[in-house]
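What follows is a set of notes on a single structure, which appears directly below.
Values quoted throughout were computed directly from the atomic coordinates according to the rules given, and no laboratory measurement underlies them. Since this is a predicted model, take the numbers as computed values, not measurements. With ideal geometry, Cβ positions are generated from the backbone for all residues, glycine too; neighbour counts draw on all protein chains shown.
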Amino acid sequence: MKINPLQRQLNLLDYALSSLWRRRMKNGAILAIFAFVIFLLGSFQLLSQTLQSSAEELLAFAPDITIQSLVAGRQTPIAANKIRELADMYGITASSPRIWGYYFDHDNGANYTVLGLTEEEIGAMTGVILESGRLPGAPGEVAVSPAVRQSLDLAGRSAFSLFRPDLSQASFKVSGLFSRETDIVTGDIILMSLADARHLFAMPEDMVTDIGVKVANPVEIDNVARKIAGRFPETRVLTRAQIRKTYQVVFGWRSGFGSVCLLAALASFVILASDKASGLSREEKREIGILKFLGFQTTDILALRFWESVVVAGLAFLIGLSLAYVHVAFFDGGLFKPVLVGWSVLRPDLSLAPSLNGADLLLIFSWSVLPYLAATIIPAWRSAVIRADTVV
Amino acid sequence: MTPVGRIAPGPVMLINSWGLALCIISLCVLFLVGTALRSAVRVLRYWQPGSDSNLQIELENEIWLSSTLVEYGLGFQMVSLLIFIMAADRFAQMIKGAMCATGSLLANDYGAPLLVVKLTGIFLYGFWIVLHQLDMRAESYPLVRLKYRYLLALFPLLLLETTLQTLYLTGLSPDIITSCCAVVFGGDKQLGQNLIGGQAGWELMALFYGLALLLFSSGLYQLSARRISPGVTYVSGFGWFVFFILALVVITIVVSSYIYAMPYHHCPFCILKAEYDGIGYPIFVSLISACFAGGVTVIAVLLRNVDGLEETAGCLRRFSIRFSLVMLAMFLALSSWHFWAYFIMGGEY
């Protein structure tokens, strides 16, 4: 009787499933460990991918070009009146001073990002949604995120004070609350007026941390940046695109570094899988012998083992990846976030929406399933060439 | 302007998860083919078709191992090619000046040769598997020696690929300024104008369709002719090779810009992106399959007189000719759609 090749493979798959089920303890253990390894790799990749796409949003506050003053390679305050020297440069629509700094809260060890902007810039702010209240207008008013409010322990109150460098106090009043939707950008920010920020950090009059420049034509950003750098050789001129590339490289590097650590887990799993697959019990040898007596060829047994590997790897891939998705989407990738999000202590409620795309799936697949398949071929062949007469 | 991109010196891209994935696949393939090579050496030294010694039986068993290994190796290579293209696309986000895979591939001297070697690899491994399948269908394994010499010859290619890949990944640095595809493929003025009706575009398209027509008619002739005429097969085999290269050129400088609906955007990689519905994948898959089948026809004709293979080779020949024609038709339809839609319906559909 001649059966068509597809039916043949289906029959083999059927047999493979039943044989996997018969040895469910052994295969279950392999499956669980494999799923765990895929879970680790998958969460890592998903998390870094999600953070990477959020990096784009992080740039909501970044102007087209940022000018910073450098002394001995370190950033120092820059004179706000440099703006006047930029006024005659073509292509610039607006330039404004800003104070961007960190405030360390001794009480609870949190680090807030203090952002002081001019009134016009606060007025023109887009990309930030307020949950309640309004953006700061009057002196002493600030807008904070719910996380910052919680961390400051404000409860129902709106007034609070922060320490200035000389330990005198600066008082503020919360006028607005950022929406949770923009947590990735606003999670740790206290937005206030330029004068307030200068007062808080006790910076000299007319000094700011950096100057933001807006360019009319996005294509011209690099040219304008080059011209500015030529005019102020002592400054560092950053474009938004450069900052974006930097984020990409840092995330890529960090996630890769984490992956290298996970390679150890992968390697030990591969060794385990190959070891488990090669240690055949008498039962299993007998089974192969009987199959051969029944007319199974070497190829059939290889195909059988192939289907077994595919089923185990496929199941482990699905389970591991689903767990990874749950881990990142519902638990914010708690296991790995400290490795990837490392520049601020306070980012408590960052909700992530992981997006799965084909490229990432293929990446995780080649990280996990391919090494497993490679590790099980030789044991599969060893079992396939057992001679029937020696075992039965 | 002070560069800000210098974050981590050294092989940044090698430690990137995409770079690591490529390395893992390469290690797997090296392991698989390396193991297969061990059997190859043993088979070439001790193979005695008539003998029924223990060694001979062992060797016959090892043939199964090595063929499975190489089959897996081919599968891995295909994934590797895909990952490589996707990785190049991702790297573009990190390399200054690069906007798509073209930029990352040209970021150092090893990217483009690596792509060529990977593509060649797909064909050569595929031919090996065809040889192997033919061999298995004959009683006396007539192709064993040929097959294993071929495998020995493949190994240096694999080593070359791994070396190039390592050099490429270690040499990539986010600081290197590279060009985007608009600069690379659009540099030549003549090529940039084909949407407006530049002469170069039409001549090229005439050549492209002419060759496709020739291949089609030669295929139909070979299918219908009573006797196998090796001359026609060899010439059309060469024709397939030329067509492959010509098709890549045509996709790059003519067809792609119609898909993008942008006269100055010529790039063979951006058509793989989701923005264009990933139409590049079926285009390239059908092209590679058609040309591969064209090559297989030549192999089938070359081997038609080997003892015990007469019938199988004949079957394979007819199948591969039919397959190549179907794939060619598919490729032509997919790649010409946007081009002709523009001229006939005057716009983008």
**Item:** Sum of side-chain charges, B:V296 neighbourhood, beta-carbon under 12 Å (Lys, Arg +1; Asp, Glu -1)
**Value:** +3
**Item:** Cα-based helix-to-principal-axis angle, A:282-293 vs chain A, degrees rounded to 10
**Value:** 60
**Prompt:** Just the C-alpha atoms of the range A:78-208: what Rg/Rh do they give, with Rh taken as the Kirkwood radius?
**Reply:** 0.99
**Message:** Nearest 500 deg cm²/dmol is fine: what mean residue ellipticity at 222 nm does chain A get from its DSSP H runs of n ≥ 4 alone, each adding -39,500 (n - 2.57), divided by its residue count?
**Reply:** -17500 deg cm²/dmol
**Item:** Principal-axis tilt of helix A:5-22 within chain A, Cα atoms, nearest 10 degrees
**Value:** 80
**Item:** Cα→Cβ-extended label distance, 7 Å offset, between A:D107 and B:L27, nm
**Value:** 5.1
**Asked** Which shape class applies to the range A:203-248: rounded if a/c is under 1.5, otherwise prolate when a/b exceeds b/c and oblate if not, where a ≥ b ≥ c are the square roots of the Cα gyration tensor eigenvalues?
**Response** prolate
**Prompt:** When Cβ neighbours within 10 Å are restricted to other protein chains, what is their mean count per residue of peptide A:13-22?
**Reply:** 0
**Asked** Classify the range B:12-182: rounded, prolate or oblate, from the alpha-carbon gyration tensor (a ≥ b ≥ c, eigenvalue square roots; a/c under 1.5 rounded; otherwise prolate if a/b is larger than b/c)?
**Response** prolate
**Asked** With each label point set 7 Å from Cα along the Cα-Cβ vector, what nm distance links A:V391 and A:F331?
**Response** 4.0
**Item:** Square roots of five times the Cα gyration tensor eigenvalues for the range B:185-345, Å
**Value:** 34, 15, 12
**Request:** Please report the relative contact order for chain A, taking Cα pairs under 8 Å with a sequence separation of at least 6, and give it as a percent rounded to a whole number.
**Result:** 29
**Prompt:** When Cβ neighbours within 10 Å are restricted to other protein chains, what is their mean count per residue of peptide B:78-86?
**Reply:** 3
**Complete:** P(r) over all Cα-Cα pairs of chain A, 20 Å bins from 0 to the longest distance, whole percent per bin, short to long, reads 22, 38, 22, 15, 3
**Fill in**
Computed over the Cα atoms of the protein assembly as shown, the Rg and Dmax in Å are 31.8, 102
**Request:** Measure nothing fancy, just the Cα-based angle from helix A:298-330's long axis to the longest principal axis of chain A, in degrees from 0 to 90, nearest 10.
**Result:** 30
**Request:** Please label the shape of the range A:206-342 as rounded, prolate or oblate, based on the square roots a ≥ b ≥ c of the eigenvalues of the alpha-carbon gyration tensor (a/c under 1.5 means rounded; beyond that, a/b larger than b/c means prolate, else oblate).
**Result:** prolate
